[in-house]
Amino acid sequence: MNKKSFQFRLVLSYVFIVLASFVFIAYYLDKSLEENALLEIKSSLMKEASLVEYFLPSDFIRRQDKASLESRLKLPAQKIQSRITIVSPPGEVLFDSEKTPQEVARMENHADRPEIKTAFQGRTGESIRYSATLKIDMLYLALPLKDKGEIIGAIRLSLPLENVKKILLAIRKTVFLSLFFALGLAFFLGSLIARGIIKPIHKIIRSAGKFARGDFSRKILIDTEDEIGELADALNIMAQQIEEKVRKIEAQNQELLAILSSMVEGVIVVDKENRILSVNPTVERIFGISQDQVQGKFFLEGIPNNTLSDVIVEVLKKGEAASEELTLSWPVQKIFQVNATPVFERQAVCGCLLVIHDITEMRKLETVRKDFVANVSHELKTPLTSIKGFVETLLAGALEDKEHGHSFLEIIKDHADRLENLINDLLALAHLESKEIALKKEPLEIKDIADTILKGFKTQIHKRSLAIQNDLPGTLSVTADRDKLEQVLTNLIDNAVKFNKDKGSVRLYGETAQGEVKIVVEDAGIGIPAKDIPRIFERFYRVDKARSRQLGGTGLGLSIVKHCVELHGGKVGVESTEGLGSKFWFTLPS
Amino acid sequence: MGLKDKAGKMVLIVEDDKDINALIAYNLYKEGFSVESVYDGLQAQERVLKRHFDVVILDIMLPGLDGFSVCQAIRKRKGSHKTLVIMVSAKAEEHDKMYAYLLGADCYLTKPFSVGKLLEVVRDFNALRAREYTVEVN
């Protein structure tokens, strides 16, 4: 048993209480027993003395007749076991039951003995004293011997106190024995009781320990109405509430973790010492690190990026949000918008939250849009410049110039046409890109449509002596919007005719495969350089700007084709070899 | 101002659009200049490095080499401060203009520009040059 344990102290207190009460009892018992024993002895001595006095003729004493006293008192003295001494008033011993007459004659004067003194004063004297004669503690009791009102002597009875001591000792022995017994019992019972009290407390301690370790699976099962029961109930309620809170916090943490890990943005949290607390998977991906690897490290140790580090240091210092643009060139060029916010705890900056947003794509789109606007503006302004300039020139007098005047008007007409085409294409593109476009889908026989379109190109075909072959099967049918399909075919045929060689050829054919119709427009023209093929469907992308313009191209034809086909859920593609010709294809649902 | 002031003055027109190039060439020719036309940047660079031009009409978006680089090439040549560089472009943004002036362009015209305005600039410049010449002689 642990010396400091509650159980030990409880048992100790029982033992102490028993001991204290025993000592108290024993002390008073001993005292009163001793007193009682003395009192009893005294009274018996008194009785005996009175008895002896009664049987003692007073003239024996008056006469100081030692021999008569001897003969009269010898026998009774032997019977009563007490020592009888008769003393005359001057203090001379007349008789002593334990001395022979010879010895009595040699005995010293007893007048100075306290009990004798008292007796000669007419009262009962008593004294406890060590007897020099008998060499033991003795109780002395002396009575005056009176004759006709006159004190003629004193009778003294004495008894050794040895007996009283013996009796007291026996009683004390019993008391000590029972004290030991009681202590043992107190210890044993105390232990039992203490264990009974301690047991539920131990139970509570064990359960509380479990609670502390986060195990709330078992309640404390104590079904008593006492304070411990109340404590257990309170602990159970507390545990339940803690468990609920812990669960709530865990759920929140999970949620937060889920949000952080599913976030497209990178998130870094650092403490006020600029040590990394956590990073999310996006950050792990961006910087090629892992959470375990960088957690707890100084920012620059974990993520060696000065731009970010500077932002964090600034935020931690000023306690104000900051943002910065970060460009990483490895492994691929990426642009990030970095927003850093201070995290406050009781009005003091305790960390920094970094959100890293990948704006590469946004920038790219921005660039594409800017480029488009720039392109449109350039494409519109160029013909307009010619129109305006030549009109101005004509007005300034070139009308009279027979040699050039007419050709200027031709140029103006060409550019007006070019402008018209461009505007039409731009409008078509804008329409295709707007979300509200509604396709009027219907089954269409593609061969007939192609034939009609080819008729429109008759003049150009004839001019360049091109061989045209429409090998599209008559049975080939697609479900599409007629206008859009016509536009796609027109643009592709237009390109095939434009970018052809004199006496070249154009061939149209198609097939059905896996629920799709694939239509191919193949020419044996000038072809496309391999480096231009990936960008050929981009708006305003031209392989040869000058040639395209000369041929009246807007640079938007293929872009329109792509949009139209994709609106139908189809795909477009091109295979081409420079100098040998191109093969444009598209698919549509049959 | 008569034709003879411009006699022998060389103009280089750098413009990839053939019609615009022809338009400028016609008007400057009528103004009395000797005109040379080129249609891409590399060709223009080659020309300006080879000889002095009194006036260079310079488009920015050119095949080969852009107008800014050509302008730089012009200004690198000794005595090029006597060359009038007029930039003509569809780019209307302020930073493009600033850049052009920074590289040494004297004038920046935004397409669609007015032929009259272009001629005015050329005439004014010539008048200025003529005065300078007079001052030098005296």
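Summary of values
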{"quantity": "Residue list for the range A:114-138, restricted to those being closer than 19 Å to A:LEU73 by Cβ and of a type outside the set (Ser, Thr, Tyr)", "calculated": "A:GLU115, A:ILE116, A:ALA119, A:LEU134, A:MET138"}
{"quantity": "Enumeration of residues in the range B:41-69 that are touching a Lys or Arg at 6+ places or on another chain (Cβ under 9 Å) and within 21 Å of A:ALA374 (Cα to Cα)", "calculated": "B:ASP59, B:ILE60, B:MET61, B:PRO63"}
{"quantity": "Residues (modelled with pLDDT of 80 or more and of a type in the set (A, V, I, L, M, F, W, C)) located in the range A:76-90", "calculated": "A:ILE84, A:ILE86, A:VAL87"}
{"quantity": "Some residue of the range A:183-200 being within 30 Å of A:ARG247 (Cα to Cα) and modelled with pLDDT of 80 or more", "calculated": "yes"}
{"quantity": "Enumeration of residues in the range A:320-339 that are at pLDDT 90 or above and not in a strand (DSSP E or B)", "calculated": "A:GLU320, A:ALA321"}
{"quantity": "Residue in the range A:204-228 that is farthest from A:GLN241 (Cα to Cα), counting only those that are in contact (Cβ under 8 Å) with a residue 24 or more places away in the chain and outside any loop (DSSP other than H, G, I, E, B)", "calculated": "A:ILE228"}
{"quantity": "The range A:366-405 - residue that is under 30 Å from A:ILE335 (Cα atoms), open to solvent by 40 Å² or more (accessible area, probe 1.4 Å) and not charged (D, E, K, R) and, of those, farthest from the other protein chains (Cβ to nearest Cβ)", "calculated": "A:VAL368"}
{"quantity": "Matching option when the condition is acidic (Asp, Glu), surrounded by 16 or more Cβ atoms within 10 Å (Cβ to Cβ) and farther than 25 Å from A:SER217 by Cβ, among A:GLU273, A:GLU265", "calculated": "A:GLU265"}
{"quantity": "Residues being of a type in the set (Lys, Arg) and surrounded by 14 or more Cβ atoms within 10 Å (Cβ to Cβ) - total across the range A:434-463", "calculated": "2"}
{"quantity": "B:ALA92 vs. criteria part of a loop (DSSP other than H, G, I, E, B) and not charged (D, E, K, R)", "calculated": "yes"}
{"quantity": "Options A:VAL376, A:VAL349; residue that is more than 21 Å from A:LEU260 (Cα to Cα), in a helix (DSSP H, G or I) and touching a residue at least 40 places away in the same chain (Cβ under 8 Å)", "calculated": "A:VAL376"}
{"quantity": "B:LEU23 vs. criteria farther than 22 Å from B:TYR101 by Cα, within 11 Å of chain A (Cβ to nearest Cβ) and surrounded by 21 or more Cβ atoms within 10 Å (Cβ to Cβ)", "calculated": "yes"}
{"quantity": "Matching residues, the range A:387-413, being over 17 Å from B:GLU31 (Cβ atoms) and either hydrophobic (A, V, I, L, M, F, W, C) or in contact with a helix residue (DSSP H, G or I) (Cβ under 6 Å, 6 or more places away or on another chain) (or both)", "calculated": "A:ILE387, A:VAL391, A:LEU399, A:GLY405, A:LEU409, A:ILE411, A:ILE412"}
{"quantity": "Matching residues, the range A:302-317, being of a type outside the set (S, T, N, Q) and either at pLDDT 90 or above or surrounded by 16 or more Cβ atoms within 10 Å (Cβ to Cβ) (or both)", "calculated": "A:GLY302, A:ILE303, A:LEU308, A:ASP310, A:VAL311, A:ILE312, A:VAL313, A:GLU314, A:VAL315, A:LEU316, A:LYS317"}
{"quantity": "Residue among A:VAL264, A:VAL246, A:VAL270, A:VAL315 that is over 23 Å from A:LYS210 (Cβ atoms) and part of a helix (DSSP H, G or I)", "calculated": "A:VAL315"}
{"quantity": "Of all residues making up the range A:383-412, the number that are part of a helix (DSSP H, G or I) and either in contact (Cβ under 8 Å) with a residue 40 or more places away in the chain or more than 17 Å from B:ASN21 (Cα to Cα) (or both)", "calculated": "4"}
{"quantity": "Flag if A:ASP448 is over 27 Å from A:GLU538 (Cβ atoms), acidic (Asp, Glu) and either away from chain B (no Cβ under 14 Å) or out of contact with any Phe, Trp or Tyr (no Cβ under 8 Å at 6 or more places or on another chain) (or both)", "calculated": "yes"}
{"quantity": "Residue that is most open to solvent (accessible area, probe 1.4 Å), among those in the range B:27-67 that are within 30 Å of A:TYR541 (Cβ to Cβ) and of a type in the set (Ser, Thr, Tyr)", "calculated": "B:TYR39"}
{"quantity": "Residue that is nearest to A:PHE8 (Cα to Cα), among those in the range A:201-235 that are more than 29 Å from the chain's Cα centre (by Cα) and open to solvent by 70 Å² or more (accessible area, probe 1.4 Å)", "calculated": "A:GLU227"}
{"quantity": "Qualifying residue in the range A:39-55 (condition: within 29 Å of A:LYS146 (Cβ to Cβ), assigned to a loop (DSSP other than H, G, I, E, B) and either open to solvent by 50 Å² or more (accessible area, probe 1.4 Å) or in contact (Cβ under 8 Å) with a residue 24 or more places away in the chain (or both))", "calculated": "no"}
{"quantity": "Filtered residues of the range A:201-224 (kept if among the charged types (D, E, K, R) and closer than 22 Å to A:GLN7 by Cβ)", "calculated": "A:LYS203, A:ARG206, A:LYS210, A:ASP223"}
{"quantity": "Among (1) open to solvent by 60 Å² or more (accessible area, probe 1.4 Å); (2) in contact with a helix residue (DSSP H, G or I) (Cβ under 8 Å, 6 or more places away or on another chain); (3) at pLDDT below 90 - the single one B:SER80 does not satisfy", "calculated": "(1)"}
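Results for (1) closer than 18 Å to A:TYR140 by Cβ; (2) out of contact with any Pro (no Cβ under 7 Å at 6 or more places or on another chain); (3) of a type in the set (A, V, I, L, M), shown as yes or no for each residue.
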residue	(1), (2), (3)
A:PHE22	no, yes, no
A:ALA26	no, yes, yes
A:LEU29	no, yes, yes
A:ALA49	yes, yes, yes
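The values are calculated or read from the model by the stated rules, or taken from the named source; none is laboratory data. Predicted model only: the values in this text are computed from it and were never measured. Cβ: placed from backbone, ideal geometry, glycine included. Neighbour counts: every protein chain shown. Quick note on the areas: whole protein, heavy atoms, side chains included, nothing else; ligands and nucleic acids left out. Shrake-Rupley method; radii C 1.70, N 1.55, O 1.52, S 1.80 Å.
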